[in-house]
Amino acid sequence: MIRSMTGFASATGALPPHSWSWELRAVNGKGLDLRLRVPDWIDGLETGLRAQLVKVVARGNVTLSLRITREDTGGAQRVNAGQLNAVLNALAEIEAQAMDKGVSLAPSTASHIIALRGVLEQTTTQDDTTALAKVLHAEFASLVEAFNDMRQAEGAALQDVLAAQLTDIETLTTTAAAQAEDRRADMAQALRRNLARVMENAEGADEGRVAQELALIAVKADVTEEIDRLRSHVGAARDLLGQGGPVGRKLDFLMQEFNREANTLCSKAQSSALTGTGLALKAVIDQMREQVQNVE
């Protein structure tokens, strides 16, 4: 089964005190272009996620966004014993000097002392990201699975469209073959008339050489090879659709070959009916080529 290059998936998760949200999206591209926007403070996260994506996505412009927030728990508070001792020693010295000079000081309270800078401090906990990274990697696998499920579903619909267009091309090719056969007798008769007209007005001309030139014109008007190649391309395209996987590039190349044969068929037509069929072929091929641009 083929897959579409376009896809989207999102998810949310949490591991207290962290919570996060994922977004994984992809659009058409000629090659594989991965753009990851993930936190850089989790060691090895971007490298690991990129490696996972490369295994499952072969083509397209892929963007991954991961936003992580941390709940502010406020942390614990503790008394800085060293700073407290320094403050108390300073107070004792100040009070002793004040008493020597007969200066009366208001008594200090615990609330006054604890309010001094450095006595009471906020503690911070250094996050260990090992467990967080493990959860994120496991969750990312589920995100990628949902992403690929969407691309697979779109690919199935796309495959039905392409199969129907190949049937249209095959039908038009069969019609073109019948029209080419129908015009064969008329072309032979026209060539004989042209030969007679040329010989009547070309005294001394080499009749064999003139006939050879007319035969060459007839060969150039023959569309048998173009019809055979169109049929061959239809078979090759069906094989690719049956093969599945990342076959978008090969299908795109085949569309160029389809278009080339249809152009040549139109240029050789020399028949309004065959020209009309050739133009119809070009229209279907152009529609199919647009759809192929979505195939991975």
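Rule-based calculations on the coordinates, nothing more; no lab input. Worth saying up front: this structure is predicted, and the values here are computed from it rather than measured. We place every Cβ from the backbone using ideal geometry, glycine too, and count neighbours over all the protein chains shown.
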- prompt: Of the listed peptides 258-267, 22-31, what is their order by residue-averaged count of other C-beta atoms within 10 Å, with the highest listed first?
  reply: 258-267, 22-31
- prompt: How much net charge surrounds GLN52 when only other residues with a Cβ under 14 Å from its Cβ are counted (Lys, Arg +1; Asp, Glu -1)?
  reply: 0
message: I'd like the distance between the alpha-carbon centres of segment 230-283 and segment 30-104, rounded to an integer number of Å.
response: 61 Å
- prompt: Summing Lys, Arg as +1 and Asp, Glu as -1, what charge do residues with Cβ under 15 Å from the Cβ of LYS250 carry, LYS250 excluded?
  reply: +2
- line: Pairs over 29 Å Cα to Cα, from LYS55/LYS282; LYS134/LYS250; LYS250/LYS282; LYS30/LYS134, come to LYS55/LYS282; LYS134/LYS250; LYS30/LYS134
task: Mind sorting ILE94, ILE2 by how few other Cβ atoms lie within 10 Å of their own Cβ, fewest first?
output: ILE94, ILE2
message: Under 10 °C and 1.306 mPa s, how fast does segment 77-122 diffuse according to Stokes-Einstein, given a Kirkwood radius computed over C-alpha pairs? Answer in µm²/s, whole number.
response: 139 µm²/s
